[in-house]
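Just dropping this structure here.
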Amino acid sequence: TNYVPVVTPDFSVSAGSPTLTIQARHSGNSTITLTSLNGFNDNVTLAASAPTDISAGFNPSSLLIALGGSGSSTMSITVSSTTKAGTYTITVTGTCGPLSHSANVTVNVPTVPSPPQNLKTTAGNAQVALSWSAPSSNGGSAITNYNIYRGTASGTETLLAALGNVLTYNDTTVTNGQTYYYQVSGANFIGESQKSNEAYATPSMAKILSVTVTTSKTTYSRGSTVTVTVTVKDSVTGKALQGASVKITVYYPSGSIMTTGSSTTGSSGTTWFNCGISHNVSKGIYKIVATASYTGYQTGTGQTTFIVS
């Protein structure tokens with residue numbers, strides 16, 4: 001005797017748009033398809049289980065599925081104005097007598113992004129550089145742009161520029177000596193975030209260092225020691241600058257480096273280096289180059305020469 005398996009007529013349920021993005025106070029549609037399996041030929045009734053503040057309805061809500069065929073219904077989903085941003089699941093169930101099958105539709109409800117983070121400013125000569133970090137949440141939708149706000153007093157910022165999805169901006173429409181206050185907001189297709197933390201900066205022209213390099217003599221013999229004095233001052237006021245970082249490089253007559261050294265200026269803006277001349281070095285003209293740096297100033301250089309005879 002041959003065993004013949006019993007095939008039960010059945011149907012399947014599928015969602016044509018299993019994931020939808022619908023903002024609050026808006027609606028969207030998903031096509032629900034019912035397909036005959038194993039010779040199914042009957043009416044199927046549709047129902048939806050939706051979270052609070054989200055409603056779903058069908059057109060039509062009941063379908064006659066022909067033998068070996070399929071049918072579809074449009075499920076309309078409405079998100080209320082009170083729905084919070086997040087991801088929600090709607091379960092669609094088709095029922096025919098004892099037969100019941102389901103499919104899920106995911107609804108992403110976006111909102112505006114959270115504020116950009118860690119706004120920082122760096123002042124320069126007639127410019128202020130801004131940088132920030134992306135919001136901790138994009139609100140469920142990609143960031144489309146950032147808005148730069150600027151004011152000349154805390155809390156008075158107004159819109160200065162609208163940018164694309166970038167995390168830096170260089171403001172070159174500033175005046176040296178004026179303090180500027182900044183905030184940044186982010187936006188997605190829903191709207192604009194609240195503003196970031198406030199940051200401020202005062203652009204100014206960098207000052208210039210005067211670097212003077214001298215030696216104790218102009219001519220040295222082999223085996224002697226060269227004492228190098230480096231003095232760092234403000235090039236405009238002539239004020240000696242204590243705490244300036246100084247590096248020197250001594251060059252052979254051939255142009256190759258003989259030695260290097262580093263130090264910090266004292267209260268008189270001066271520092272000293274001792275450079276020993278070995279007994280077998282070349283005779284000729286040696287060059288000393290000193291480079292000084294000091295906060296708020298452009299790097300300065302100075303140089304001199306001495307002779308080994």
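Counting only residues that are more than 30 Å from GLN117 (Cα to Cα) and among the acidic types (Asp, Glu), give me the strands (runs of 3 or more DSSP E) lying completely in region 181-279 with at least 1 of them.
Details: elements: 199-201, 207-215, 225-234, 245-251, 257-264, 270-276.
Per the criteria, 225-234.
I've got another one for you. Does any residue of region 17-29 turn out to be part of a strand (DSSP E or B) and over 39 Å from the mean Cα position of the chain (by Cα)? Let's see the steps before the verdict.
Quick first cut of region 17-29, residues part of a strand (DSSP E or B) only: 19-21, 27-29.
Filter once more, so that each one left must be over 39 Å from the mean Cα position of the chain (by Cα): none.
The answer is no, given that none of the residues of region 17-29 is part of a strand (DSSP E or B) and over 39 Å from the mean Cα position of the chain (by Cα).
Being among the basic types (Lys, Arg), crowded, with 16+ Cβ neighbours inside 10 Å and either at negative phi or at pLDDT 95 or above (or both) narrows it down to one of LYS233, LYS239, LYS217, so name that one.
Working: LYS239 fails: crowded, with 16+ Cβ neighbours inside 10 Å; LYS217 fails: crowded, with 16+ Cβ neighbours inside 10 Å.
Answer to the check: LYS233.
Restricting the first residue to region 74-95 and requiring it to be touching a residue at least 40 places away in the same chain (Cβ under 8 Å) and at negative phi, which pairs with a second residue that is of a type in the set (Asp, Glu) and not in a strand (DSSP E or B) meet a Cβ separation below 6 Å and a spacing of at least six or different chains?
Listed by first residue and then by second, the contacts come to SER80/ASP53; THR82/ASP53; THR83/ASP53.
Of all the residues that make up region 283-295, how many are over 46 Å from the mean Cα position of the chain (by Cα) and open to solvent by less than 70 Å² (accessible area, probe 1.4 Å)?
2
Let me ask you something else. Give region 73-104 a look and list any residue that's open to solvent by less than 20 Å² (accessible area, probe 1.4 Å), under 15 Å from THR21 (Cα atoms) and of a type in the set (Ser, Thr, Tyr), or say none.
THR83
Among the residues of region 133-145, is any open to solvent by less than 30 Å² (accessible area, probe 1.4 Å), more than 30 Å from ILE90 (Cβ to Cβ) and assigned to a strand (DSSP E or B)?
Looking for residues that are open to solvent by less than 30 Å² (accessible area, probe 1.4 Å), more than 30 Å from ILE90 (Cβ to Cβ) and assigned to a strand (DSSP E or B), one finds none in region 133-145, hence no.
Please find, within region 111-125, the residue that is modelled with the highest pLDDT out of those that are open to solvent by less than 40 Å² (accessible area, probe 1.4 Å) and assigned to a loop (DSSP other than H, G, I, E, B).
Of the residues in region 111-125, the ones open to solvent by less than 40 Å² (accessible area, probe 1.4 Å) are 113-114, 116, 119, 121, 124.
Those left that are additionally assigned to a loop (DSSP other than H, G, I, E, B): 113-114, 116.
Numbers: PRO113: 94, SER114: 95, PRO116: 98.
Taking the candidates together, the pick is PRO116.
Moving to a separate point now. Which of the residues that make up region 43-55 are in a strand (DSSP E or B) and open to solvent by less than 70 Å² (accessible area, probe 1.4 Å)? Steps first, answer last, please.
Here is the first cut: in region 43-55, the ones in a strand (DSSP E or B) are 43-49, 54-55.
Selection gives VAL44, LEU46, ALA47, ALA48, ILE54, SER55.
Does LEU209 meet the test of being buried (at least 18 other Cβ atoms within 10 Å of the Cβ) and modelled with pLDDT under 95? Before you say what the answer is, go through the steps one by one.
Details: buried (at least 18 other Cβ atoms within 10 Å of the Cβ): yes; modelled with pLDDT under 95: yes.
Answer is yes for this residue.
The values are calculated or read from the model by the stated rules, or taken from the named source; none is laboratory data. The structure displayed is predicted, hence computed values, not measured ones. Every residue, glycine as well, gets a Cβ built from its backbone with ideal geometry; the counts of neighbours run over all protein chains shown. All accessible areas refer to the heavy atoms of the entire protein, side chains included, with ligands and DNA or RNA removed. Shrake-Rupley method; radii C 1.70, N 1.55, O 1.52, S 1.80 Å.
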